[in-house]
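What follows draws every value from the coordinates through simple rules; no lab data is involved. Quantities reported herein were computed from a predicted structural model and do not represent experimental measurements. Backbone-built Cβ (ideal geometry, glycine too); neighbour counts: all protein chains shown.
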Amino acid sequence: MSYHSTVQDVYRKAAETPDASLCCVPQTQRYVPGLVIPSIMHQMNYGCGTTVHSQDMTADQRVIYVGVGGGLEALQLAYFTRHPGGVIAVDPVAEMRDVARVNLEKAAEVNDWFDPSFVDIRDGDALNLPVDDGVADVAAQNCLFNIFKTAGDEGDGDLEQALAEMHRVLKPAGRLVMSDPIATRPIPAHLRDDEVLRALCISGCLEYHDYLAKIVDAGFGSIEVRSRRPYRMLDRARYGLDEDLLLETVEVCAYHVAAADDGPCIFTGRYAIYTGGEEAFDDGLGHVLVRDIPLPVCDKTAGALGRLGREDLTVSPSTWHYAGGGCC
Ligand SMILES: C[S@@+](CC[C@H](N)C(=O)[O-])C[C@H]1O[C@@H](n2cnc3c(N)ncnc32)[C@H](O)[C@@H]1O
């Protein structure tokens, strides 16, 4: 049995018997005016963060959402798009698609603005999306891609294929929005090879730099790290480890743009502040720092400015919270 079958079994059961503690951490419910979320959708929140950020959303967009779960994020995204088929949600597990449809019907009963036709739920797979090239403004997935195996060590290359599919369906400059667990050090083989733990979003994830590198390699030239925080501890007693291993959740938005000649721009919440004697400092590479006004900078620019060694230039460390604007 391939690990895909194990994954589908896990989510077939999760569709039939909602389990609030299935794979991910409990999350605070967010209030959005005029959006009522049926409680079953919260119970079936099988994500580890969020992919719904108002700054990505405008009406009339087309969103591709991969791995529908109980339909929570499909509903939240449809809140912004509000037109038939505005959100296409793809899932290979029939039971999950069925329960998401039922949940969206329930949502329609308590939200005047919502019609279930706003979410087009399709049978399909992240590795071969049932969607034409270049149609999506936003492509999103929450807590699915960490399950996929990578090329090389693990052999399958499913993660690379899933990212290539997201790149294919996005319009130029479109946004790939993802939330996934990451590991603070490599996860040992005895856990990575455990298909059930992998399906439960516990043992398949990559380290931070490797996760970002996969996104860059898929053709996304600019990435925003919007959040990074503890997700779960793999403790040594239960997981057969020498030391406890912390997993984190990372939320990213990656843009379907080419990387600059000197490499991708990765924003991690770093700022540069100029406090010298002039009104502004111009590094001659397109970055103008107005005195006393913090400028969000990508890691590449942060490194270059830091290397100038100027006392009137301060570059702050990553906050893992990027709130827009910036150098590139
Ligand atoms: C961890 S759950 C996340 C559900 C949802 N994104 C959420 O945040 O609640 C993974 C979801 O991906 C679906 N899934 C499993 N394998 C898949 C695949 N190869 N392609 C697309 N979806 C898949 C599962 O049925 C399930 O709905």
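General remarks:
- Residues of segment 234-249 falling in the label zone of His190, defined by backbone nitrogen less than 12 Å from a point 7 Å along Cα to beta-carbon, are 236-243.
- Mean separation of Cα contacts under 8 Å, 6 or more apart, over the residue count of segment 116-170: relative contact order %: 41 percent
- Packing, taken as the mean count of other beta carbons within 10 Å per residue, orders the peptides 183-190, 280-287, 77-84 from highest to lowest as 77-84, 183-190, 280-287.
- Listed values for segment 155-165 are Karplus-derived 3J(HN,Hα) couplings in whole Hz (6.51 cos²θ - 1.76 cosθ + 1.60, θ = phi - 60°), namely x, 6, x, 5, 4, 4, 5, 5, 5, 4, 5, and x replaces Gly and Pro.
- Under 13 Å, Cβ to Cβ, from Val288 - net charge with Lys/Arg +1 and Asp/Glu -1: -3
- Each Cα pair under 8 Å and six or more residues apart adds its separation to the average, and for segment 270-315 the resulting relative contact order is 48 percent.
- Residue of Pro33, Pro92, Pro317 that the Gaussian network model of the chain assigns the largest fluctuation, springs spanning Cα pairs under 10 Å: Pro33
- With Cα atoms as the point set, segment 216-305 shows a radius of gyration and Dmax of 18.4, 59 Å.
- Computed from label points 7 Å out along Cα-Cβ, the spacing between Ala94 and Asp132 is 2.9 nm.
- Radius of gyration (Cα atoms) of segment 50-187, expressed as a multiple of 2.2 N^0.38 Å: 1.05.
- HN-Hα J in Hz across segment 201-216 - Karplus 6.51, -1.76, 1.60, θ = phi - 60°, x for Gly and Pro: 6, 10, 10, x, 6, 9, 6, 3, 5, 5, 4, 5, 4, 5, 5, 5
- Full extension of the chain between Ser39 and Arg229 yields a length gain of 65.9 nm, computed as 0.36 nm times the residue separation minus the alpha carbon distance.
- Relative contact order of the chain, defined on C-alpha pairs under 8 angstrom at six or more residues apart (%): 14 percent
- Once you divide the Cα radius of gyration of the chain by 2.2 N^0.38 Å, the number left is 1.04.
- Reduced Cα scattering model of segment 270-315, Debye log10 I(q)/I(0), q = 0.15, 0.20 Å⁻¹: -0.29, -0.53
- Note on the chain: GNM, Cα springs under 10 Å; of Asp120, Asp91, Asp262, the largest mean-square fluctuation is that of Asp262.
- Computed FRET value (nearest 0.05) for Thr17 with Thr314, which takes r as the C-beta separation and R₀ as 41 Å: 0.15
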